[in-house]
Amino acid sequence: MAIKLSFKEYDTALREGRLLGLKCGCGDILCPPRAVCPRCGDADLEVVQLSGRGKIASYTTLFVAAEGRDKELPYAMALVALEEGPYLIGRIDTDCPDKLDMSAIGKTVTTGHGVFGGDKYSAGEAAYPMFRFVTDQAYE
Ligand SMILES: [Zn+2]
């Protein structure tokens, strides 16, 4: 079974401002990439570029970090429902993560990226989704 979209290809595209996903014959869109469709198990997937737009489904603000990552605190992680269907986890781009409240739920965001420097728990530097509010500047 050939991998249609490797993490490296996904990572490179994200750094270039493109959010890539996979479209399955059953209609589901997968993002981040997977080897097979979790709905139907098919591996016949097509690489597609996603809009990066979505709505915050949930979020949490972190005040405790993994070892060596405490300088980044606090930061907010969101689960975003992309307009093409999949849910994607990433950080919320805000200077005030501790000021977010329930009104953030449902807000429209676009997907950019940040770069995680790597640590002893990871395979090294990698890009991650960074969500920016589209219509509400209240959290800037
Ligand atoms: Zn499928």
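The values are calculated or read from the model by the stated rules, or taken from the named source; none is laboratory data. All values reported here derive from a predicted model rather than from experimental measurement. Counting neighbours? That spans all protein chains shown, and the Cβs are built from the backbone with ideal geometry, glycine included. What goes into the accessible areas is simple: the full protein's heavy atoms, side chains included, and nothing from ligands, DNA or RNA. Shrake-Rupley method; radii C 1.70, N 1.55, O 1.52, S 1.80 Å.
Table for the structure above
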read-out: Gain upon complete extension [D119, E72; 0.36 nm per residue less C-alpha separation]; value: 15.6 nm
read-out: K4 - accessible surface, heavy atoms, 1.4 Å probe, Å² rounded to 10; value: 90
read-out: Sorted largest first, extent of region 54-133 alpha carbons per principal axis (Å); value: 34, 27, 16
read-out: Kirkwood-based Rg to Rh ratio, the chain, C-alpha trace; value: 0.99
read-out: Sequence of I56, I105 from largest to smallest accessible area, 1.4 Å probe; value: I105, I56
read-out: Largest-first principal axis extents, alpha carbons of region 7-50, Å; value: 30, 16, 12
read-out: Charge tally in the Cβ shell below 12 Å around I29, where Lys, Arg are +1 and Asp, Glu are -1, I29 excluded; value: -1
read-out: Cysteines in the chain lacking a second Cys C-beta under 4.7 Å; value: C31, C96
read-out: Mean ellipticity per residue at 222 nm, deg cm²/dmol - from DSSP H runs of n ≥ 4 across the chain, formula -39500 (n - 2.57); value: -2000 deg cm²/dmol
read-out: Loop-located GluC sites (Glu not before Pro) in region 9-47, at most 14 other Cβ atoms within 10 Å (DSSP); value: E16
read-out: The chain - percent of accessible surface contributed by carbon and sulfur, probe 1.4 Å; value: 51
read-out: Per residue, in Å², the accessible surface of region 21-140 once ligands and nucleic acids are set aside, probe 1.4 Å; value: 55
read-out: Neighbour cut-off at most 12 other Cβ (10 Å), DSSP loop, trypsin sites (Lys or Arg not before Pro), region 75-129; value: K120
read-out: Relative contact order for the chain, counting Cα pairs under 8 Å that sit 6 or more residues apart, in percent; value: 21
read-out: Cross-link reach list, lysines versus K55, counting only Cα pairs under 30 Å and skipping chain neighbours closer than eight places; value: K4, K8, K23, K71, K99, K107
read-out: Estimated distance in nm for a label pair at A57 and D101, the labels positioned 7 Å out from Cα along Cα-to-Cβ; value: 2.6
read-out: Neighbour net charge for E72 - beta-carbon separation under 15 angstrom, K R +1, D E -1; value: -4
read-out: GNM flexibility winner over the chain from R69, R15, R53 (Cα, springs under 10 Å); value: R69
read-out: Inter-part distance where region 87-110 and region 27-43 are each reduced to a Cα centre, Å; value: 26
